[in-house]
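The values are calculated or read from the model by the stated rules, or taken from the named source; none is laboratory data. Note that the structure is predicted; figures quoted are calculated from it, not measured. Note: ideal-geometry Cβ built from the backbone for every residue, glycine included; neighbour counts use all protein chains shown. The accessibility values were calculated without ligands, DNA or RNA, using every heavy atom of the protein model including side chains. Shrake-Rupley method; radii C 1.70, N 1.55, O 1.52, S 1.80 Å.
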Amino acid sequence: MQMQRNQSQDWWRTSTVYQVYPKSFNDTTGSGTGDIRGLTEKLDYIKGLGIDIVWLQPVYVSPQNDNGYDVADYYNIDPAYGTMEDFDELVHELKKRNMHLMIDIVVNHSSTEHHWFKEARSSRDNPYRDYYIWKDPAEDGGPPNNWQSKFGGPAWQFDEGTGQYFLTLFDKTQADLNWENEKVRQEVVDLLTFWAKKGVDGFRMDVINLISKDQCFPNDDGSIPPGDGRKFYTDGPRVHEYVKELNEKVFRPYNIITVGEMSSTTLAHCIRYSNPEEHEFSMTFNFHHLKVDYPNGQKWELKPYDFEELKTVLSDWQIGMQEGGGWNALFWNNHDQPRALTRFTDDDEYRIESAKLLATTLHGLQGTPYVYQGEEIGMPDPKWKDISEFRDIESRNMYDILLKRGKTPEEAAHIVSVRSRDNSRLPMLWDDSDQAGFTSGTPWIKIDERYPHINAKAQVEDDDSIYHHYRKLIELRKELPVLIDGKYIRLDESHPQIYAYARINEEESIVVISNFSKEEATFELPEWFSVGLSRASRVKLLIGNTDEEPVLSKRMNIQPYGSYMWLIKNS
Ligand code: TEU
């Protein structure tokens, strides 16, 4: 049955997406891990935010070495998450609520448990051999080149049986697929079509800009940091050709919205990936704003984040994508990042103000906002000290590598505690009952003990909560055209505490001013803007995060972690 799809042009430009990491969302069986029925059970909670699209992360058959991003069967649900009937019920229940389902598509690599790989590994002349990337050892018998895995260590694994290496840009059990092979591309078209026919409305395409490799597989001479080989496979030679093929064969025929996760990409490529005239993706994730606390681009070293760089990156991408006709997927948080609340603001004394500040600052920008589970109730990082609490393969690998680099166990554990992807993978905090209402079993990862005062139930019942702040922002996006089409203009000039910007169209403007500091800040609007403000027919505070309601004026004092959005009706 071909579900009735939303045919209106670009309905997703006024939409907001809620990202669900199923393993940590809601457990209905007592297994200690979340499941599909657990998501279905909470759809009214998500609908209550005004969410339009739910992004469900991988629930396919998987050995769970990378929590489902190591797919062993693209066509079946892993029993740990439930059944295909559970999935069909989720689709049905979303449709009933006029919500849409986006699923994760992981086709840069498959699990080494996939039958394709098992066949490929069995012999060099197996028909599936060229589904993956195999190379003879280098002259010294080692890996074919010096590319490094993004999870640490070499990006090649040696297969004794056939005497060749295979490429693994991530975990050693995640074998890169060979997209040069048209049979691989057809397999991907087939699996996308299967899920489209099941009524899925969207695809989140995992590290999709890595699928085209330089076929010479050269060594990286280290001349361009980080020198780990990524320049030979990131936004590679045939990537746009491959994406256009998927768009032509699946995205467009089935009216699927798509978001490409772009690892280490560029603005120019993201304009190409997301400009509608290119017929590739609807929008793109990029990570430049989440590397402003990486010293020299190095994730596993620490430094305070550079506030000016953060504002510059956000502004450059707003202006660049607007000018280029691209479309941003807007986010602070996801399952691979520490919580922005801890990373960029105050998750303790000003936790509530900070959570609302991050929401207002992001939701005033141009793009489609993504809310990652727990963000809407102000969940912070756990700041664990005991390395044994961590589950993430990347974190565990990097702890060992940091020790080998000479860090003490305490230093290595601290770096992992700040950087680990597990920071955002703690179970959702539903209420103040035992184990936050997440599971009746033993949770797969530790639950944050702060659930008695940080939980969803309490916030749904409190109209002044972070949850309802998100609800109001999501509602504004549906009401105000200027949030969709307004030209972005930055209003602060390198202010040490304030980020201020405007969105402007013919009829109206909005202004967002946020104080990213614990001290009160004085801010002056640019002269040109103040002149326009004096002629405005009406100025209204749309949303704020403190008890006061500051009047938008040329010179203002902004409270610690104060954040406000005003609407100006142009005269
Ligand atoms: O993430 C790719 C990615 O950009 C991060 O994993 C990053 O490369 C990593 O943390 C090193 O800094 C996607 C998925 O979101 C992630 O969960 C998967 O582990 C990864 O791809 C492999 O599928």
* Filter result (surrounded by fewer than 21 Cβ atoms within 10 Å (Cβ to Cβ) and charged (D, E, K, R)) within the stretch 290-340 -> 291, 293, 299, 301, 303, 306, 308, 309, 316, 323, 336
* Structure fact -> residue 189 vs (1) within 12 Å of the ligand (Cβ to nearest atom); (2) within 30 Å of residue 93 (Cα to Cα); (3) in a helix (DSSP H, G or I): all pass except (1)
* To do: Pull up the stretch 367-397, narrow it to residues that are open to solvent by 40 Å² or more (accessible area, probe 1.4 Å) and either farther than 12 Å from residue 426 by Cα or β-branched (Val, Ile, Thr) (or both), then point me to the one that is nearest to the ligand (Cβ to nearest atom).
  => 397
* Asked: Is at least one residue of the stretch 83-104 farther than 24 Å from residue 199 by Cβ, among the hydrophobic types (A, V, I, L, M, F, W, C), open to solvent by less than 10 Å² (accessible area, probe 1.4 Å) and at pLDDT 95 or above?
  -> no
* In the stretch 261-280, is there at least one residue being part of a strand (DSSP E or B), open to solvent by less than 40 Å² (accessible area, probe 1.4 Å), touching a residue at least 40 places away in the same chain (Cβ under 8 Å) and under 30 Å from residue 394 (Cα atoms)? -> yes
* List every residue pair whose Cβ atoms sit under 8 Å apart, with the two residues 6 or more apart in sequence or on different chains, where the first one lies in the stretch 387-412 and is without any contact (Cβ under 8 Å) to a residue 40 or more places away in the chain and more than 22 Å from residue 168 (Cα to Cα) and the second, anywhere, is assigned to a loop (DSSP other than H, G, I, E, B) and within 16 Å of the ligand (Cβ to nearest atom). => 390/420
* Asked: In the set 120, 196, which member is outside the structural domain of residue 298 (by TED's automatic domain parsing), part of a helix (DSSP H, G or I) and either within 16 Å of the ligand (Cβ to nearest atom) or over 22 Å from residue 222 (Cα atoms) (or both)?
  -> 120
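Please find, among 140, 171, the residue that is out of contact with any strand residue (DSSP E or B) (no Cβ under 7 Å at 6 or more places or on another chain), within 16 Å of the ligand (Cβ to nearest atom) and either in the same structural domain as residue 120 (by TED's automatic domain parsing) or polar (S, T, N, Q) (or both). I'd like the intermediate steps shown before the answer.
Numbers: 140 fails: within 16 Å of the ligand (Cβ to nearest atom).
Just one listed residue meets the conditions, 171.
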* Number of the exception - residue 136 against (1) touching a residue at least 60 places away in the same chain (Cβ under 8 Å); (2) under 29 Å from residue 394 (Cβ atoms) -> (1)
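How many residues are outside any loop (DSSP other than H, G, I, E, B) and buried (at least 20 other Cβ atoms within 10 Å of the Cβ) when one looks only at the stretch 47-68?
Taking the stretch 47-68 and keeping what is outside any loop (DSSP other than H, G, I, E, B), we get 47, 53-56, 60-61.
When the remaining residues are screened for being buried (at least 20 other Cβ atoms within 10 Å of the Cβ), the result is 53-56, 60-61.
Number of matching residues: 6.
Among the listed residues 431, 400, which satisfies the condition of being away from the ligand (no atom under 16 Å from the Cβ) and more than 30 Å from residue 315 (Cα to Cα)? Working first, answer last.
Values: 400 fails: away from the ligand (no atom under 16 Å from the Cβ).
After ruling out the rest, the residue left standing is 431.
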* Given (1) farther than 23 Å from residue 229 by Cβ; (2) in contact with a Phe, Trp or Tyr (Cβ under 7 Å, 6 or more places away or on another chain), index of the condition residue 123 fails -> (2)
* Is there any pair linking a residue in the stretch 487-507 that is in a loop (DSSP other than H, G, I, E, B) to one that is among the charged types (D, E, K, R), with Cβ under 6 Å and at least six apart or on different chains, and which? -> 494/308; 505/485
* Mind checking which residues of the stretch 532-552 are more than 15 Å from residue 357 (Cα to Cα) and either at pLDDT 95 or above or open to solvent by 60 Å² or more (accessible area, probe 1.4 Å) (or both)? -> 534, 535, 537, 538, 539, 540, 551, 552
